[in-house]
1. Show the residues, 5+ positions off or on another chain, whose built amide H is closer than 5 Å to the amide H of Ile112.
2. Whole-Hz ³J(HN,Hα) for each residue in region 196-208, computed from phi via Karplus 6.51 cos²θ - 1.76 cosθ + 1.60 with θ = phi - 60°, x for glycine and proline: what do you get?
3. Show me 342-354, 27-39 ranked by packing, highest mean number of other Cβ atoms within 10 Å first.
4. In nm, what is the difference between 0.36 nm times the number of residues separating Ser181 and Asp222 and their Cα-Cα distance?
5. Would you mind calculating the gained length between Ser174 and Val36 on full extension (0.36 nm times residue separation, minus the Cα-Cα distance), in nm to one decimal?
6. Order these peptides, 225-232, 57-64, by their mean beta-carbon neighbour count within 10 angstrom, highest first.
7. Counting Lys +1, Arg +1, Asp -1, Glu -1, what net charge surrounds Arg244 among other residues with beta carbon under 13 Å of its beta carbon?
8. Please list, in chain and number order, the residues 5+ apart from Ser337 or on another chain whose amide H is under 5 Å from its amide H, with Hs placed from the backbone.
Amino acid sequence: MATTNFKLETTTFTAGGSMDESGKCQIVKRFLYNIVDNSASARRRSILDLETLVPIKGSAMSDDPRYTLKSATWNCLDWRNQSTKFYIDATYRRISDDDAASAPWNLAPFNIVTSAVEQEIPFKLAYNSKNQLCIPVVNAAGDPIDATTREIIPQHAFSFYAKSYDIGNIVDFSNSICKSSMRILGQRYPAGTLFLMPFNVSCLITYEDDGYTEKWKYYQVDMTIRYRAEGWKRVLLNVGNRARFGNNKAPEVIYQYYKFSNGSFETTPVWTDAKTYHAHDAAYRTWLTAHKSAAQNLPAHVPYEFGENIPLTARGAVNTQVLNTDITADNYSGYPSRGFNEFKTLSWSGLDIPSEVKKRWRS
């Protein structure tokens, strides 16, 4: 048969459970087809055979015989168009309200969409030649560059009906990270990698045939979940112009501790050009050589500006190991960083996501 030139790729519920003009539940299914042979002659024949793929009006839906085909539409298939994909949208109406299983909250999830989205993030770390996220974004002098970048992440959106729903979940769970691993749309994701966007809950009512007697009151929940393999911690460089010296617990401005041969402190930067800076830097390095025991945790050079960000250790001291390393050397590990939880981490068990969302996303 000529219809063998069509291959069904997938079937999805695109508007499951919506209400038609008479108040009955209806489901829209999208059939996505591929054309196997896309040659001009075979494609010209496929246009003639397209009708054989459209379900017959009044025929029962294979998934649930309570629904019969009301109407069907499809995108135009032009034999000159070289696209190999096309779809058929079939609208099924429910013909029986007797079975309790036909209640809206028992319908399958719908509006299931998986896409890739862009989001803006601080550009603090870059990839090396091995595609490892480990190179700090600094200038040629080793100072952090304040910048942002964009990354592409997977996003899953879906809707479902619920007989009852705690609308407080909107505030409690929006902008939260999943505490444990979870299966969404057929794939399991590790703990800490799924992020729930602010979501919507709508209260819906279906009336009896008289138009005013309430038959069903239920809720539509629209959720969007994003996935990030690295997790959702914000990574920031551990830098600043204050540090802890010796056993002091309170941080102090770093330049106040640059001692010179007379033993005094510099309380105000006095460099007006490169020449005076290098003169003070030379004097400072001479002092360091003569006072090695007293110069612990001090950098090898005087910062050129008061506002310069200096790398710090985990306890907040000046990180001389980083400052004393040539940024072009092979052993340069970059500025240290710290991770912060920007969002709350919660168990999503109280979200009541249907099992159909967790176990499958194609029918």
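FYI, it's all coordinate maths here, none of it is from the lab. The shown structure was predicted, so the numbers you read here are calculated from the model rather than taken from an experiment. Positions of Cβ are backbone-derived with ideal geometry, glycine not excepted, and every protein chain shown enters the neighbour counts.
1. Here the answer is Ser159, since their amide H atoms fall under 5 Å of that of Ile112.
2. 8, 5, x, 10, 10, 10, 10, 8, 10, 9, 10, 9, 5
3. Details: 342-354: 14.5, 27-39: 16.9.
The densest-packed peptide leads the list: 27-39, 342-354.
4. Numbers: separation 41, 0.36 × 41 = 14.76 nm, distance 2.13 nm.
Residue separation times 0.36 nm, minus the Cα-Cα distance, leaves 12.6 nm.
5. On the way: separation 138, 0.36 × 138 = 49.68 nm, distance 4.39 nm.
The Ser174-Val36 span can extend by a further 45.3 nm.
6. Values: 225-232: 16.4, 57-64: 13.2.
Descending mean neighbour count gives 225-232, 57-64.
7. On the way: positive: Arg242, Lys249, Arg315; negative: Glu252.
Here the count lands on +2.
8. Answer set, sorted by chain and number: Asn238.
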